[in-house]
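Report on one structure; see the data block that follows.
Every read-out reported here was derived from the displayed coordinates using simple, explicitly stated rules and does not represent laboratory data. Just so you know, these numbers come straight off a predicted model, no measurement behind them. Please note: Cβ atoms are built from the backbone with ideal geometry, for glycine as well, and neighbour counts cover all protein chains shown.
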């Protein structure tokens, strides 16, 4: 992304790509196998979304990560939430963080299918995404607390930020043959379509 051009880029990264911890990929494969069996459909590739935002000539990475990773407290964490069960969130090992990381790095960026996809070139929209990130609803990761039919996760964050900032998402899809669990949950919550 060009640092001098304001805008918002969306990246679709295969789940577990480039990870040194194979458990992420294994969990994703197991989750997709169970989901496909329950829904009586073929298995698909899973993707997670991340954002790169340039506002005021400064580049930011907006992403959700585990709270227990090395150095996370100094890379722009703006909010956090529990993983699995709300009560478990008392431990940093069961928490996620939302980061707006100035000059940040997406470790698996090189694996983004099709590279970065520009979804807005509006400086005000880019700034709005950064302003909205701290108010992201910190639902339990991996659960469907909002009762929209999908779990809450990093894809929910990206979808929620895009819709809440005014970026149309109806045409945004993961690469062919893939899906992004949690995306529809973020869209539904941002549009007020959740059930209490």
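Some observations on this one:
- Length-normalised contact order of the chain in % [C-alpha pairs under 8 Å, at least 6 apart]: 25
- DSSP beta bridges fully contained in the chain are about 90 percent antiparallel.
- Of every Cα-Cα pair in region 7-190, the percent that sits beyond 29 Å: 15
- Computed packing ranks the peptides 79-87, 110-118 as 79-87, 110-118, most packed first, by mean other Cβ atoms within 10 Å.
- Relative contact order %, region 145-196, counting alpha carbon pairs below 8 Å whose residues are six or more apart: 56
- Rg ratio (alpha-carbon, reference 2.2 N^0.38 Å) - region 111-196: 1.09
- The chain: most fluctuating residue of 41, 179, 143 per GNM, C-alpha cutoff 10 Å: 41
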